[in-house]
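Reviewing the structure listed below.
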Amino acid sequence: MAASLQTTLSGLARALVQQGRLKEAEAEAFAAQGAGSGGGFVNQVITSGRLNAKDIAAFAAETFGYPLLDLNAFEESHFPPAAIDRKLMQAHQVIPLTKRGNRIAVALTDPTNLRALDEIRFQTGLAVDPVVVEASKLTPIVLRLSETAETKLNELAGDDLDLELADETEEAASAEAGSTEVDDAPVVRFIQKILLDAINEGASDVHFEPYEKYYRIRFRTDGVLREIAQPPLVIKEKIASRIKVISRLDISEKRVPQDGRMKLVLSKT
């Protein structure tokens, strides 16, 4: 039985068995279910009702000597989501908390998940400092941070667009197709959506505003600027390039201001 514990269960799972919190058969079943579903061992234990998220987090932190963090006390906007590949975040239910120098602090429910820590270390090239958090608070943040730019843009753009470029030349289309910066249909649809909304709302101007940690788009209507969308910051270059293409500007020029224009067909009827 001891050999089984050593080979099939993580350190946290073994400790829960050894402390009488779980039976070995239960722990093995939860580990197998977590591996199969991708939800992980801890989430399976919580779903079963055997232990709750708060108790597991407190046990893991105390048993293995790692800090315990309440994610509700953290500003989500301060997390550096680009520090870890989104697939790793989803696969191991982990998020980056801080990145300083050659170290990265990560929030996770099982600090003994060596595979997760090794993969993060390999992907980032940084020393990894585990921080224990409650699964119930971690899961929704993982979903938000690991959401792809394409998914978010599709949600922002919607499906019903009745707008097209009136005079997009073959040269412009060719330039866009050849650009590595503008290769996503969702970006094209998103820009079309923004322009359509601006026309329908009578906006006098549209502001595309990339900042260090977020991106916002604002319309000026009746002399007042108001925010209408926050696209993913990671696609700021794609948005800029798409606007340059449809405005017949030089995509490669990034430092000198340029003037351009475009014609749009709002409806074919």
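The values are calculated or read from the model by the stated rules, or taken from the named source; none is laboratory data. Just so it is clear, the model here is predicted, and its values are computed rather than measured. Backbone-built Cβ (ideal geometry, glycine too); neighbour counts: all protein chains shown.
Is it the case that segment 90-106 has a residue that's farther than 30 Å from ILE235 by Cα, in contact with a Leu (Cβ under 9 Å, 6 or more places away or on another chain) and not assigned by TED's automatic domain parsing to the domain that holds TYR211?
The initial filter retains those residues of segment 90-106 that are farther than 30 Å from ILE235 by Cα, namely none.
Checking segment 90-106: not a single residue is farther than 30 Å from ILE235 by Cα, in contact with a Leu (Cβ under 9 Å, 6 or more places away or on another chain) and not assigned by TED's automatic domain parsing to the domain that holds TYR211.
Among the residues of segment 233-269, write down those that are of a type in the set (Gly, Ala, Ser) and either modelled with pLDDT under 85 or in a loop (DSSP other than H, G, I, E, B) (or both). Talk me through it step by step, then tell me what you get.
Start the filter on segment 233-269 by keeping residues that are of a type in the set (Gly, Ala, Ser), which leaves 240-241, 247, 252, 260, 267.
SER247, SER252, GLY260, SER267, listed by residue number.
If you filter segment 111-140 down to residues that are of a type in the set (A, V, I, L, M, F, W, C) and assigned to a loop (DSSP other than H, G, I, E, B), you find that the one that is surrounded by the most Cβ atoms within 10 Å (Cβ to Cβ) is VAL133.
I need a count of the residues in segment 64-101 that are of a type in the set (S, T, N, Q) and in a loop (DSSP other than H, G, I, E, B).
Just the residues of segment 64-101 that are of a type in the set (S, T, N, Q), to begin with: 72, 77, 90, 93, 98.
Next, from what is left, pick out any that are in a loop (DSSP other than H, G, I, E, B): 93.
Number satisfying all stated conditions: 1.
Criterion first (in a loop (DSSP other than H, G, I, E, B) and either modelled with pLDDT under 95 or not hydrophobic (A, V, I, L, M, F, W, C) (or both)) does LEU22 satisfy it?
Working: in a loop (DSSP other than H, G, I, E, B): yes; either modelled with pLDDT under 95 or not hydrophobic (A, V, I, L, M, F, W, C) (or both): yes.
So LEU22 passes the test.
When the criteria are applied in full, ARG121 meets the requirement of being more than 20 Å from THR47 (Cβ to Cβ), free of Cβ contacts under 8 Å to residues at least 12 places away in the same chain and touching a strand residue (DSSP E or B) at 6+ places or on another chain (Cβ under 9 Å). Looking at GLU227, GLU171, GLU209 in this structure, which one is acidic (Asp, Glu) and at pLDDT 90 or above? After applying the criteria, what remains is GLU209. Within the set ALA60, ALA107, the sole residue that is small (Gly, Ala, Ser) and outside any helix (DSSP H, G or I) turns out to be ALA107. Here is the figure for segment 235-263: residues that are surrounded by 15 or more Cβ atoms within 10 Å (Cβ to Cβ), of a type outside the set (Val, Ile, Thr), closer than 19 Å to ASP197 by Cβ and over 28 Å from the mean Cα position of the chain (by Cα) total 1.
Please indicate, with yes or no, whether at least one residue in segment 81-91 is modelled with pLDDT of 95 or more and either farther than 25 Å from GLU212 by Cα or hydroxyl-bearing (Ser, Thr, Tyr) (or both).
The initial filter retains those residues of segment 81-91 that are modelled with pLDDT of 95 or more, namely none.
Within segment 81-91 (the criterion being modelled with pLDDT of 95 or more and either farther than 25 Å from GLU212 by Cα or hydroxyl-bearing (Ser, Thr, Tyr) (or both)), the answer is no, since none of the residues qualifies.
The set of residues in segment 101-110 that are surrounded by fewer than 24 Cβ atoms within 10 Å (Cβ to Cβ) and not hydrophobic (A, V, I, L, M, F, W, C) comprises GLY101, ASN102, ARG103.
Please determine, by comparing only the residues of segment 54-100 that are more than 23 Å from the chain's Cα centre (by Cα) and crowded, with 19+ Cβ neighbours inside 10 Å, which one is nearest to LYS137 (Cα to Cα). Restricting to residues being more than 23 Å from the chain's Cα centre (by Cα) and crowded, with 19+ Cβ neighbours inside 10 Å, the top hit is ALA57. Contact annotation: residue pairs with Cβ atoms under 8 Å, 6 or more positions apart or on different chains, pairing a residue in segment 220-232 that is part of a loop (DSSP other than H, G, I, E, B) with a partner that is surrounded by 15 or more Cβ atoms within 10 Å (Cβ to Cβ) and of a type in the set (D, E, K, R), are GLN230/ARG216; PRO231/LYS152; PRO232/LYS152.
For (1) without any contact (Cβ under 8 Å) to a residue 60 or more places away in the chain; (2) among the hydrophobic types (A, V, I, L, M, F, W, C), each residue gets a yes or a no:
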site	(1), (2)
ILE217	yes, yes
GLU237	yes, no
PRO257	yes, no
VAL265	no, yes
